[in-house]
1. For the range 64-95, which residues satisfy the criterion of being in contact with a strand residue (DSSP E or B) (Cβ under 8 Å, 6 or more places away or on another chain), β-branched (Val, Ile, Thr) and buried (at least 18 other Cβ atoms within 10 Å of the Cβ)?
2. May I ask you to verify whether residue 126 is in a loop (DSSP other than H, G, I, E, B), surrounded by fewer than 22 Cβ atoms within 10 Å (Cβ to Cβ) and at pLDDT 95 or above?
3. Across the range 1-49, what is the number of residues that are in contact (Cβ under 8 Å) with a residue 24 or more places away in the chain and touching an Asp or Glu at 6+ places or on another chain (Cβ under 8 Å)?
4. Can you work out which of the residues in the range 50-73 that are polar (S, T, N, Q) and under 19 Å from the mean Cα position of the chain (by Cα) is nearest to residue 101 (Cα to Cα)?
5. Give the residue that is farthest from residue 194 (Cα to Cα), with candidates limited to residues of the range 24-76 that are in a loop (DSSP other than H, G, I, E, B), among the polar types (S, T, N, Q) and at pLDDT 95 or above.
6. Select from the range 174-208 the residues that are hydroxyl-bearing (Ser, Thr, Tyr) and touching a helix residue (DSSP H, G or I) at 6+ places or on another chain (Cβ under 8 Å) and write down the one among them that is nearest to residue 163 (Cα to Cα).
7. Is one or more of the residues making up the range 22-45 over 23 Å from residue 171 (Cα atoms) and crowded, with 16+ Cβ neighbours inside 10 Å?
8. Got at least one residue in the range 138-156 being closer than 26 Å to residue 11 by Cβ, among the aromatic types (Phe, Trp, Tyr) and part of a strand (DSSP E or B)?
Amino acid sequence: MERKIVGIVVFDNVEVLDFSGPFEVFSATRFNEEKRREEPSPFDVLLVAEKGETITATGGMRVIADHSFVDCPALDILCVPGGWGTRREMENSVMLEWLRARAAQVELLTSVCTGSMLLGFAGLLDGHRATTHWRSLDWMRESFARVVVEYDQHVVVDGSLYTSAGISAGIDMALKVVVRYCGEDVARATARHMEYPYPESNARRIRI
């Protein structure tokens, strides 16, 4: 497998686990568990911020991005996390235009939590099935008439679009991406390494 470049977008007040969960999954993946320390992950994970500067995540964590929107290299997978900061970013024309441009280039477009709302306001969910944090499901349905909102699924896979429920669901979403590229055995081994229960069911864990 040719190594895949994963870009995770970060912005002020991004939810920490929204981006760090997928980051952990992708960076922890190995084809050969016996050579975990000798061989790299098949995924190269980058953090991308609009201006490539330090951002402050929810709770005050400070994060330094690897790239800005301008100097970000070509990506194979784009991951858009959520958090309170999405309320501001959905009115940020620079963010929405960059998402539209990159979505047209990547193999997979993914989101965690209300990151899917950013995709929606960028026009990238129209005609698709999608989900988001349980508190925002009705907001998604009311905002995007051309989107089929899935209330019961933890992760929704619609072709090359992967959206997930809130916060910790990004781990499950990333594991599904690992399955797509590396197979279920590798995904299960990754979850085991993380001491995370492999998601045997795709049912939403939090009931409304």
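The values are calculated or read from the model by the stated rules, or taken from the named source; none is laboratory data. Please read all numbers here as calculations on a predicted model, not as lab measurements. Note that we place each Cβ from the backbone using ideal geometry, even for glycine, and neighbour counts take in every protein chain shown.
1. Those that are in contact with a strand residue (DSSP E or B) (Cβ under 8 Å, 6 or more places away or on another chain), β-branched (Val, Ile, Thr) and buried (at least 18 other Cβ atoms within 10 Å of the Cβ): 77, 80.
2. Values: in a loop (DSSP other than H, G, I, E, B): yes; surrounded by fewer than 22 Cβ atoms within 10 Å (Cβ to Cβ): yes; at pLDDT 95 or above: yes.
Answer is yes for this residue.
3. Matching residues across the range 1-49 total 10.
4. Applying the filter and picking the extreme gives 68.
5. Restricting attention to the range 24-76, the residues satisfying the condition of being in a loop (DSSP other than H, G, I, E, B) are 29-32, 36-42, 50-53, 57, 61, 65-66, 69-76.
Subset that is among the polar types (S, T, N, Q): 29, 32, 41.
With the extra rule that they be at pLDDT 95 or above, the set shrinks to 29, 41.
Numbers: 29: 10, 41: 14 Å.
So, considering only residues that are in a loop (DSSP other than H, G, I, E, B), among the polar types (S, T, N, Q) and at pLDDT 95 or above, the one farthest from residue 194 (Cα to Cα) is 41.
6. Within the range 174-208, the match that is nearest to residue 163 (Cα to Cα) is 198.
7. Looking through the range 22-45, none of the residues is over 23 Å from residue 171 (Cα atoms) and crowded, with 16+ Cβ neighbours inside 10 Å.
8. Within the range 138-156 (the criterion being closer than 26 Å to residue 11 by Cβ, among the aromatic types (Phe, Trp, Tyr) and part of a strand (DSSP E or B)), the answer is no, since none of the residues qualifies.
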